[in-house]
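Visitor: Here's a structure for you.
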Amino acid sequence: MNGIGAIVEAARARRDDIRRVAESEVAAHLSQALRARWLSLPHPAPAPLRDAVAVDGTGHAVGLATGAHLIVSMAIALGPAPVGRVELAEVEALPARFDDAAASSARDLVMRALETQAALESVRCAVAHGTAGHTTVWIDGSLFGDLAHMAGGPSVVRWGGGAERAGELLRATRDLHRIVEVADARIVGLAKTQRASILGPALAPVATGVDDSIAGTVPQVDHGDAGRPRDGELLAAMPEGWSWPLVLDARQFLAVDDGAASIAAECPAIVTTYIRPHPADLPLRLDVPAWSLGLPERIGRAPRHGETEPANWLADPTVMLPFVAEVMARYGGILAHNGPLHAVDHLVRLPRRDLETIVLPAIARAVGVPASSLTVDRGRRRFILE
């Protein structure tokens, strides 16, 4: 590979920075505290699985030769009859004044709106046919992360009608939680990434010896920015198992938009846990609404704008076992973290080359403009032509 020698030399020069990221001392201390909150995976006898409806989406913001952006997004919900397959798509055209960051935010917002709508239609179909009571809707991602992002989003989005769309998305998410709760169905979020910082603040009292019952000999840690590692850093050393669940509400929101606070307050609090399903696999984050565990907590209102508080440990972690067991029953190994979500992920994928060589010309024909009007920018075009 050309340039590998120069890269190796640059890595040596950045040795301290790289080691600081890869081997956080604070993360190691907190991981010790996490071991006291680490539980064995359940291995129950096989039980009939609930009907699974998996929802996933995809989206691309394509930079055009004119400087404008074209957003192409779609979402698919897939499940047994009567739900079957639900396909939704959206195309948005952004003028050239929107930069790449704004277009990327718009793409995420459009895709998430389609996913929420597909989930809503699926649950309504299950309700209409009387099957909702034994249906689980699997969402690819974190239920709490989406709520927190949307609650702070409307005031900072930079895309034309983005604030209105963000508000609509938050209302649709609230409606989704309502209909699932009333129908006695289940909704589960399963995320593959661990960029959140939920475990660190919750474990800090343990790591500093405040909770003597489980603190053991964990060293003191700094509470500054360096003392707030991402969850993935703490989980790196954990064996097969799952973490004691945490209850998340508005106190863990980084920011709450005034116009969104009342809507978010109506949503349920979210209970979250991390699962390492296999010693050789990466952890998964499992999110479920509090009401599905018999808990009345709602998101509520954040006590202080822009500040967060540590999440509360769930009093009895065993109430989460049915959901952990269902995750394990759907686990398909390192290449298929969840059977239903793995299947829908393959359906919804839209390769970039297909988008640029097949989909864009089809859009041009559909709206009656020359195909050259939707040519991708020069940086991408040369790769398409190779």
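Residues checked against (1) under 30 Å from residue 131 (Cα atoms); (2) part of a loop (DSSP other than H, G, I, E, B); (3) at pLDDT below 90; (4) of a type in the set (Phe, Trp, Tyr):
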{"residue": "11", "(1), (2), (3), (4)": "no, no, yes, no"}
{"residue": "45", "(1), (2), (3), (4)": "yes, yes, yes, no"}
{"residue": "59", "(1), (2), (3), (4)": "no, no, no, no"}
{"residue": "71", "(1), (2), (3), (4)": "no, no, no, no"}
{"residue": "74", "(1), (2), (3), (4)": "yes, no, no, no"}
{"residue": "87", "(1), (2), (3), (4)": "yes, no, no, no"}
{"residue": "91", "(1), (2), (3), (4)": "no, no, no, no"}
{"residue": "101", "(1), (2), (3), (4)": "no, no, yes, no"}
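Visitor: Yes or no: residue 290 more than 15 Å from residue 139 (Cα to Cα) and of a type outside the set (Lys, Arg)?
Guide: Taking the combined requirement at face value, the residue satisfies it.
Visitor: So which residues in the range 320-349 are surrounded by fewer than 16 Cβ atoms within 10 Å (Cβ to Cβ) and more than 15 Å from residue 138 (Cβ to Cβ), if there are any at all?
Guide: Passing the criteria: 321, 333, 334, 335, 349.
Visitor: Just to be sure, is residue 97 touching a Gly at 6+ places or on another chain (Cβ under 9 Å), basic (Lys, Arg) and not in a helix (DSSP H, G or I)?
Guide: Taking the combined requirement at face value, the residue satisfies it.
Each row is one residue, and each column tells you yes or no for (1) loosely packed, with under 14 Cβ neighbours inside 10 Å; (2) under 28 Å from residue 338 (Cβ atoms); (3) touching a Lys or Arg at 6+ places or on another chain (Cβ under 6 Å).
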site: 260; (1), (2), (3): no, no, no
site: 265; (1), (2), (3): no, no, yes
site: 270; (1), (2), (3): no, yes, no
site: 273; (1), (2), (3): no, yes, no
site: 281; (1), (2), (3): no, yes, no
site: 286; (1), (2), (3): no, yes, no
site: 293; (1), (2), (3): no, yes, no
site: 308; (1), (2), (3): no, no, no
site: 315; (1), (2), (3): yes, yes, no
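Visitor: Something else now. Kindly list the number of the only condition in (1) under 18 Å from the mean Cα position of the chain (by Cα); (2) over 29 Å from residue 66 (Cα atoms); (3) modelled with pLDDT under 80 that fails for residue 118.
Guide: Residue 118 satisfies all of (1) under 18 Å from the mean Cα position of the chain (by Cα); (2) over 29 Å from residue 66 (Cα atoms); (3) modelled with pLDDT under 80 except (3).
One line per residue, one yes/no per condition, for (1) in the same structural domain as residue 320 (by TED's automatic domain parsing); (2) touching a His at 6+ places or on another chain (Cβ under 9 Å); (3) not charged (D, E, K, R):
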{"position": "42", "(1), (2), (3)": "no, no, yes"}
{"position": "55", "(1), (2), (3)": "yes, no, yes"}
{"position": "59", "(1), (2), (3)": "yes, no, yes"}
{"position": "69", "(1), (2), (3)": "yes, no, yes"}
{"position": "84", "(1), (2), (3)": "yes, no, yes"}
{"position": "91", "(1), (2), (3)": "yes, no, yes"}
{"position": "95", "(1), (2), (3)": "yes, yes, yes"}
{"position": "102", "(1), (2), (3)": "yes, yes, yes"}
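Visitor: If you take the residues of the range 216-246 that are at pLDDT 85 or above and more than 29 Å from residue 268 (Cβ to Cβ), which of them is surrounded by the fewest Cβ atoms within 10 Å (Cβ to Cβ)?
Guide: Ranking the qualifying residues of the range 216-246, first place goes to 239.
Visitor: Looking at 324, 319 in this structure, which one is farther than 25 Å from residue 85 by Cα, among the aliphatic types (A, V, I, L, M), touching a Pro at 6+ places or on another chain (Cβ under 8 Å) and not assigned by TED's automatic domain parsing to the domain that holds residue 374?
Guide: Of the residues listed, the single one that is farther than 25 Å from residue 85 by Cα, among the aliphatic types (A, V, I, L, M), touching a Pro at 6+ places or on another chain (Cβ under 8 Å) and not assigned by TED's automatic domain parsing to the domain that holds residue 374 is 324.
Visitor: Let me ask something else about it. Can you tell me which residues in the range 78-95 are of a type in the set (A, V, I, L, M, F, W, C), crowded, with 16+ Cβ neighbours inside 10 Å and closer than 14 Å to residue 123 by Cα?
Guide: Across the range 78-95, the qualifying residues are 78, 83, 86.
Visitor: May I pose another question? Among the residues of the range 47-57, is any surrounded by fewer than 17 Cβ atoms within 10 Å (Cβ to Cβ), modelled with pLDDT of 95 or more and part of a strand (DSSP E or B)?
Guide: no
The values are calculated or read from the model by the stated rules, or taken from the named source; none is laboratory data. Small disclaimer: the values here were computed from a predicted structure and weren't measured. A quick note on method: Cβ atoms are made from the backbone with ideal geometry, for glycine too, and the neighbour counts reach across all protein chains shown.
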